[in-house]
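The values are calculated or read from the model by the stated rules, or taken from the named source; none is laboratory data. Only a predicted model underlies this, so the values are computations on that prediction, with no experimental measurement involved. Every residue, glycine among them, receives a Cβ derived from its backbone with ideal geometry; neighbour counts consider all protein chains shown.
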Amino acid sequence: MNFMTVAWSNLRRNPVRSILTGLSLVVSAATLTVVIGLDKGYSSAVNSELVESTGVHMYITKEGCPIEAASVIAQGGLSPLFVEEELVERVQTHPNVDAVLPFKLFTVTVEDGSRTDIFMGVTPEIQRVRPDWQFASGGWFESEYSVILGAEIAQIEGLEIGDVTYSEEFDREFNVSGILERNYGQDDATIFLPLATAQRLVQREGRLSAIALKLTDISLMDQSRNELRAMIPADSNVLGSRELGDGILQFYSSTRVIMFIMVVIAFVISVFGIVNTMLMAVLERRREIAYLKCVGAGKTDILKLITFETFAICVAGSLLGAFIGLAVSPYFGNFMRSLLVAYVPSGSIAQPSLSIALLAFLSCTLIGVVCSLYPAFRASKIVPMEVLRNE
Amino acid sequence: MNNNGYLIHMESVSKDFRRGSETIHALREANLSVHPGEFIAVVGHSGSGKTTLMNIIGCLDRPTSGYVRIADHKIKDLPEKELTQIRKTTIGFVFQQFFLIPTLTVLQNVMLPGLFARQNVEKRARELLGLVGLKNRLSHLPDQLSGGEMQRVAIARSLINNPSILLADEPTGNLDSHNAGNIISMFEQFNRTGLTIVMVTHNPDIATRCSKIVHIEDGCLTA
Ligand SMILES: Nc1ncnc2c1ncn2[C@@H]1O[C@H](COP(=O)(O)OP(=O)(O)O)[C@@H](O)[C@H]1O
Ligand SMILES: [Mg+2]
């Protein structure tokens with residue numbers, strides 16, 4: 001016989017009460033599992049959707065270089081600042097970097113100044129970094145001197161797939177392998193070339209205008225920016241893209257607050273439940289506990305006994321609750337989807353996992369045990385003389 | 001060690017309780033000396049201070065004034081921890097109520113104090129249950145027993161740590177005369193093996209079976 005046997009036998013004395021106490025923990029653990037699962041699922045659904053729908057998240061440039069094409073074009077021709085190509089491999093090693101697009105941007109103005117062409121040397125990564133960069137017809141470069149044309153320039157020049165166009169400036173023929181969808185941005189007027197070709201045409205082998213990055217998790221944007229900055233030479237810079245305002249990230253953090261308020265409420269209810277029932281269980285056994293003290297039980301013995309009782313309930317309730325939470329999470333995911341008004345991501349909202357269930361189980365057990373400390377403490381303070389009190 | 005050969009020694013012990021503005025003198029200048037092996041009956045009206053006396057002998061309460069010695073321990077300034085230790089090793093308690101845990105078996109109930117003494121008392125528990133005539137009821141639950149049997153379980157439990165003193169506060173108060181007689185026979189049997197017993201009782205017939213009767217009236221003891 002040990003303390004656990006006695007604690008267990010005490011629980012069986014009032015099974016209904018023990019079960020009800022356990023149930024409040026079942027509810028807490030289940031709520032916690034569901035809410036953390038929803039929070040995680042919602043964040044990652046929103047995140048992946050944002051990552052999908054947005055383009056460049058960051059640029060790596062030479063210090064002081066305003067990368068936006070407008071300024072390059074305004075200068076006319078070729079910016080004297082450049083980023084070393086070797087940085088591409090370096091930034092690729094960062095765990096939060098999803099795609100890396102090195103590019104070479106330059107403009108060519110015809111001698112009479114009547115027109116300026118924008119050229120951009122790119123790698124196939126552009127299709128991953130820029131979701132709005134889509135072919136209207138044709139496809140990727142077929143050879144070294146293939147070009148892909150923005151919608152507007154193709155229209156102005158009257159070019160179609162398979163056409164060959166002559167460039168006076170470079171004294172060379174280019175064949176058109178693809179034409180892009182109009183996206184009402186700078187792309188519409190840009191002539192895209194293979195990166196190596198572009199570098200060769202302006203004698204800038206191994207040099208880049210800048211590197212565009214797409215992240216895996218944009219909520220880690222600030223942290224990643226600092227880490228990247230540490231990976232590159234001091235005269236280079238990491239700029240955040242204008243595309244990603246803080247607004248959308250803020251929106252979903254307020255949704256998370258609402259979910260966590262739910263958890264807090266569930267916890268407060270169960271904390272009161274546990275404290276209340278355990279206190280009752282202790283107070284109605286006053287004289288019996290006093291008797292145990294008569295026969296030599298010390299303060300710590302009583303503390304231990306009562307805490308064991310609660311511990312058993314908490315472990316059982318939390319375990320059951322965590323599993324129930326895992327099981328019902330998907331239903332709550334669908335329910336949440338019907339409630340969300342402002343921003344509903346397309347991915348799965350609920351993302352339950354064993355580690356979440358484990359976290360819920362441990363924290364509920366811990367809270368349960370902490371809650372039992374007060375009743376246990378009260379019990380340990382009962383004086384043995386009470387055993388003989390006349391009622 | 002000068003203990004005059006007494007196992008329990010009380011000199012001019014008083015115990016006052018306050019109830020509001022009123023002071024109740026539950027014990028007044030009480031003197032009591034008990035030799036090892038005595039079987040004392042404490043007799044008195046309700047409210048005369050019997051339980052208060054037992055509380056003080058049992059180290060459950062401290063006197064307001066006076067000198068108390070139990071075995072070799074002077075109780076006066078001992079910290080609570082040591083009083084617990086004395087109760088654990090030297091004193092057994094039996095009450096009118098049995099305080100059996102309903103979900104523990106007879107054997108487990110008897111073994112319970114061993115849990116707090118951190119001792120394996122199973123062998124001793126079986127032996128004691130044999131002595132009180134419950135050898136065949138070890139795995140029964142308390143509510144399967146009669147009142148007399150429950151009190152016998154309680155007696156076995158009170159003796160599990162081999163105390164030298166058994167304090168019994170109206171142990172037959174809840175029992176009919178037949179069962180009461182059985183319990184007293186059992187006490188006599190343990191008393192013959194050297195156990196010192198102090199027992200509170202209302203019943204004059206039971207009192208006359210003891211080696212000494214102490215009368216208590218309004219907190220005053222008279223032998
Ligand atoms: N804890 C207490 N607080 C106040 N008064 C008490 C307390 N315990 C006992 N008394 C009073 O002391 C007197 C003696 O009580 P008690 O020893 O229980 O008598 P008995 O056991 O002989 O019936 C009674 O008047 C009782 O009301
Ligand atoms: Mg009494």
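Below are the figures for this structure:
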quantity	calculated
Qualifying residues in region B:39-60 (those that are surrounded by 23 or more Cβ atoms within 10 Å (Cβ to Cβ) and in a loop (DSSP other than H, G, I, E, B)) - the one farthest from ligand 2 (Cβ to nearest atom)	B:59
Failed item, numbered, when residue B:60 is tested on (1) more than 16 Å from the chain's Cα centre (by Cα); (2) free of Cβ contacts under 8 Å to residues at least 40 places away in the same chain; (3) within 14 Å of ligand 1 (Cβ to nearest atom)	(1)
Considering residues of region B:65-77 that are out of contact with any Phe, Trp or Tyr (no Cβ under 9 Å at 6 or more places or on another chain), modelled with pLDDT of 90 or more and surrounded by fewer than 23 Cβ atoms within 10 Å (Cβ to Cβ) only, the residue nearest to the other protein chains (Cβ to nearest Cβ)	B:68
Residue match in region A:138-155 (condition: charged (D, E, K, R) and at pLDDT below 85)	no
Subset of region A:166-180 (residues that are surrounded by 15 or more Cβ atoms within 10 Å (Cβ to Cβ) and closer than 20 Å to residue A:139 by Cα)	A:174, A:175, A:176, A:177, A:178, A:179, A:180
Strands (runs of 3 or more DSSP E) (entirely within region A:159-245) containing at least 3 residues that are touching a His at 6+ places or on another chain (Cβ under 9 Å)	A:210-215
Failed item, numbered, when residue B:198 is tested on (1) more than 14 Å from the chain's Cα centre (by Cα); (2) at pLDDT 95 or above	(1)
Subset of region B:13-25 [assigned to a strand (DSSP E or B) and over 19 Å from residue B:213 (Cα atoms)]	B:14, B:15, B:16, B:17, B:18, B:19, B:22, B:23, B:24, B:25
When residues of region A:249-266 are limited to those that are surrounded by fewer than 17 Cβ atoms within 10 Å (Cβ to Cβ) and under 26 Å from residue A:131 (Cα atoms), the one modelled with the lowest pLDDT	A:249
Meets criteria (at negative phi, at pLDDT below 85 and in contact with a helix residue (DSSP H, G or I) (Cβ under 7 Å, 6 or more places away or on another chain)) for residue A:46	yes
Of residues in region B:167-185 being within 14 Å of the chain's Cα centre (by Cα) and more than 14 Å from every other protein chain (Cβ to nearest Cβ), the one farthest from residue B:96 (Cα to Cα)	B:184
Matching residues in region A:8-27 - criterion: being hydrophobic (A, V, I, L, M, F, W, C) and within 11 Å of chain B (Cβ to nearest Cβ)	A:8, A:11
Candidates B:158, B:164 - the one that is away from chain A (no Cβ under 14 Å), under 30 Å from residue B:16 (Cβ atoms), more than 16 Å from ligand 2 (Cβ to nearest atom) and touching a Leu at 6+ places or on another chain (Cβ under 7 Å)	B:164
